[in-house]
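The values are calculated or read from the model by the stated rules, or taken from the named source; none is laboratory data. Predicted model only: the values in this text are computed from it and were never measured. Because the Cβ atoms are built from the backbone with ideal geometry, glycine has one as well, and the counts that use them run over all protein chains shown.
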């Protein structure tokens, strides 16, 4: 069972790497099986899967694809985060900006990378 933690715990690292699990909307996901130190489920809850190395953390966000699991007609990939996931990510970045303005944050998804880097820059001022 993974431990539930708050945004301040994740924001302790100065190097954060966000990735998407790539699951479809409505697909059941076991957050403990996801890679990374932390996982953010569709409800915005943060689970600690493993102890992060000093000063950095890897965060996996559940989902990321706008296509529903039982959709009748396939559609091309479209980026998606639930409102609660966005709020959780914003809280992490806000806590991070309070701790440092020189953090390194990245994502392997270009849209998520754009979202997190610009939000962090706005919180830093």
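With respect to the conditions (1) surrounded by 15 or more Cβ atoms within 10 Å (Cβ to Cβ); (2) touching a helix residue (DSSP H, G or I) at 6+ places or on another chain (Cβ under 9 Å); (3) touching a residue at least 40 places away in the same chain (Cβ under 8 Å), residue 90 lacks only one, and its number is (3). From the list 121, 58, 97, 103, the one residue that fits, being modelled with pLDDT of 95 or more, surrounded by 13 or more Cβ atoms within 10 Å (Cβ to Cβ) and more than 23 Å from residue 5 (Cα to Cα), is 121. Of all residues in the range 110-125, those that are more than 16 Å from residue 59 (Cα to Cα) have Cβ atoms under 6 Å from Cβ atoms of residues that are at pLDDT 95 or above and part of a helix (DSSP H, G or I), 6 or more apart or on another chain, in 119/93; 123/93; 123/94; 123/97; 124/97.
Looking only at the range 90-125, residues that are within 16 Å of residue 20 (Cβ to Cβ) and in contact with a strand residue (DSSP E or B) (Cβ under 7 Å, 6 or more places away or on another chain) come to 10 in all. Evaluating residue 9 against the criteria (1) at pLDDT 95 or above; (2) part of a loop (DSSP other than H, G, I, E, B) leaves one unmet condition, (2). Name the residues in the range 15-29 that are modelled with pLDDT of 95 or more and outside any strand (DSSP E or B), would you? Residues satisfying the conditions do not exist here. Of all residues in the range 22-52, those that are in contact (Cβ under 8 Å) with a residue 40 or more places away in the chain and exposed (fewer than 13 other Cβ atoms within 10 Å of the Cβ) total 2.
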